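Visitor: Below: one structure in structure tokens.
The values are calculated or read from the model by the stated rules, or taken from the named source; none is laboratory data. Since the structure is predicted, the reported quantities are computational estimates derived from the model, not experimental observations. Note that each Cβ is placed from the backbone with ideal geometry, even for glycine, and that neighbours are counted across all protein chains shown. These accessible areas exclude ligands, DNA and RNA; they are computed on the full protein's heavy atoms, side chains included. Shrake-Rupley method; radii C 1.70, N 1.55, O 1.52, S 1.80 Å.
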Amino acid sequence: MELPPVDWENPPLDPPDGVAQPLMWRLAARLLHDHVTAAGSWPVARCRVCELAWPCPARRYAERGLLAACRHPVTGRGAAAFTDWFLAADEPPRGAR
């Protein structure tokens, strides 16, 4: 998987060329842009939207969604493993790469 050359801290809302799943990119990018640190949240950084410790779960899902959008959809036996990785694990399972 080759990642597009974008600013991953502030990705564009429209997917760059070569993104395999444009709709997923758009959803993840909007979620990422919404869940940023709140101004004045000190000493513990908090999310502007959900007020949880930052990075909040929604921010982490958005980051994973951007990466997942760059991959072609997985079908067959690997699909469930990919979904499990996307929702919980740190690394994609070996068979889903």
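Visitor: Being more than 17 Å from the chain's Cα centre (by Cα) and of a type in the set (Asp, Glu) is the filter; apply it to the stretch 1-54 and report the residue that is most open to solvent (accessible area, probe 1.4 Å).
Guide: ASP17
Visitor: Please determine, by comparing only the residues of the stretch 2-56 that are touching a Leu at 6+ places or on another chain (Cβ under 8 Å) and assigned to a loop (DSSP other than H, G, I, E, B), which one is modelled with the highest pLDDT.
Guide: So, considering only residues that are touching a Leu at 6+ places or on another chain (Cβ under 8 Å) and assigned to a loop (DSSP other than H, G, I, E, B), the one modelled with the highest pLDDT is PRO11.
Visitor: Pairs please, first residue from the stretch 1-21 and under 20 Å from ASP34 (Cβ atoms) and among the small types (Gly, Ala, Ser), second anywhere and surrounded by 14 or more Cβ atoms within 10 Å (Cβ to Cβ) and at pLDDT below 85, Cβ atoms under 6 Å, 6+ apart in sequence or on different chains.
Guide: none
Visitor: Evaluate the following for ARG97: is it open to solvent by 80 Å² or more (accessible area, probe 1.4 Å) and modelled with pLDDT of 90 or more?
Guide: No, not satisfied.
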